[in-house]
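Step one of this worksheet: look at the structure below.
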Amino acid sequence: MKKAIFLDRDGVINEVLSDRVKFVNHPSQLYLLEGAAKAVRLLYDKGFTIFVVTNQGGVGLGYMKEEMLQRIHQKMIGEIEKEGGRIQEVAYCAHAPYAGCSCRKPGPGMITTLALKHGINLEHSYMIGDRDVDILAGKAACAKTILIGSEDHGADYRFDTLFEAAVWILKEENLV
């Protein structure tokens, strides 16, 4: 079975609540965080399958249409591919917060569905996020968890950036 990296989108791959953008509701508002594309490339080059798992309640709340969300994800994928990385698939929950769905993080549904579909060994995989819901979803899916940021959300490991986390994973997995 393969190992994977499950990435939250906002705050891990791209800016959110920054000076340039509050929320990403249009492709023009998507700005990759420094080193994010390079981090994806490093992990992909060493054999990890890369997925994005993201709550996108803005669709359910009416702030954007699902078609626009698809365009945002295509831009993100394109920007990462320009740097030599590859995202296998993007899974998202478009339901409004508190809608009671089974796919929204902190539930593990997006992670476990992707793992089953792609033959992923979750115990040898990582969920990387910047919020408590990301860490809870990763733990519920039995993946190792990494928090990007300074708050303590009970993650197994914590780093300031996705790039720092990627470098550490490669060392931890003896891939450098």
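For the reader, a short list of remarks on this structure follows.
- Qualifying positions in the stretch 66-96 - assigned to a strand (DSSP E or B) and open to solvent by 40 Å² or more (accessible area, probe 1.4 Å): E89, Y92
- K117, sole failed condition from (1) in a strand (DSSP E or B); (2) under 24 Å from V59 (Cβ atoms): (1)
- Enumeration of residues in the stretch 126-173 that are in a strand (DSSP E or B) and more than 13 Å from the chain's Cα centre (by Cα): K144, Y157, R158, F159
- Number of positions in the stretch 3-45 that are within 21 Å of A137 (Cα to Cα) and open to solvent by 40 Å² or more (accessible area, probe 1.4 Å): 1
The values are calculated or read from the model by the stated rules, or taken from the named source; none is laboratory data. This structure is a prediction, so every number in the text was calculated from the model and none was measured. Reconstructed Cβ throughout: ideal geometry from the backbone, glycine too, with neighbour counts over all protein chains shown. Surface accessibility is based on the protein's heavy atoms, side chains included, excluding ligands, DNA and RNA. Shrake-Rupley method; radii C 1.70, N 1.55, O 1.52, S 1.80 Å.
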